[in-house]
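This report refers to the structure that appears directly beneath it.
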Amino acid sequence: MITASFRLEGDRIVGFTVKGHSGLAEEGSDVLCAAVTSAVRLTECTVNDVLGLEASVKVKEKDASITLRLPGGLGQTNESTCQALLTGLMVYFTQLHEEYPEHILVVEEE
């Protein structure tokens, strides 16, 4: 199962960790894993490469996980953009959970 954990500080999403495999299909043929990986990579590239924010990203191949944490002190525009991006990611993963409830779980952590 894939677990997508979103870290909250009050109303602010400060990051996420996505780990595991969906088990929906064989590795390399799993459309759910591909969808999740693509969304995570798009989010990381947008935050770091497009916005240039240098969010902390940790990848652990051992447990198939990636963690992203936003830096503090973002200006109003970057903060708003990041919150929209991370909220969109959480909504997308929630929709995937509704379609594949036994293969992906979305949690919020404070």
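The values are calculated or read from the model by the stated rules, or taken from the named source; none is laboratory data. All values derive from a computational prediction rather than experimental measurement. Neighbour counts are summed over all protein chains in view; Cβ atoms, including those assigned to glycine, are modelled from backbone coordinates with ideal geometry. All accessible areas refer to the heavy atoms of the entire protein, side chains included, with ligands and DNA or RNA removed. Shrake-Rupley method; radii C 1.70, N 1.55, O 1.52, S 1.80 Å.
Taking into account only those residues within the stretch 1-60 that are over 14 Å from the mean Cα position of the chain (by Cα) and acidic (Asp, Glu), which is nearest to residue 91 (Cα to Cα)?
Checked the stretch 1-60; the qualifying residue nearest to residue 91 (Cα to Cα) is 11.
So, in the stretch 52-107, how many residues would count as being touching a helix residue (DSSP H, G or I) at 6+ places or on another chain (Cβ under 8 Å) and either free of Cβ contacts under 8 Å to residues at least 60 places away in the same chain or closer than 17 Å to residue 8 by Cα (or both)?
Residues flagged as touching a helix residue (DSSP H, G or I) at 6+ places or on another chain (Cβ under 8 Å) and either free of Cβ contacts under 8 Å to residues at least 60 places away in the same chain or closer than 17 Å to residue 8 by Cα (or both) within the stretch 52-107 amount to 16.
Output the residues belonging to the stretch 1-52 that are among the charged types (D, E, K, R) and under 15 Å from residue 85 (Cα atoms).
7, 11, 12, 41, 44, 49
Do you know which residues across the stretch 73-88 are part of a loop (DSSP other than H, G, I, E, B) and either charged (D, E, K, R) or open to solvent by 60 Å² or more (accessible area, probe 1.4 Å) (or both)?
Within the stretch 73-88, 73 is the sole residue that qualifies.
When you scan the stretch 1-72 for strands (runs of 3 or more DSSP E) that lie fully inside it, which ones turn up with 1 or more residues that are open to solvent by 80 Å² or more (accessible area, probe 1.4 Å) and of a type in the set (Val, Ile, Thr)?
Strands (runs of 3 or more DSSP E) meeting the threshold: 56-60.
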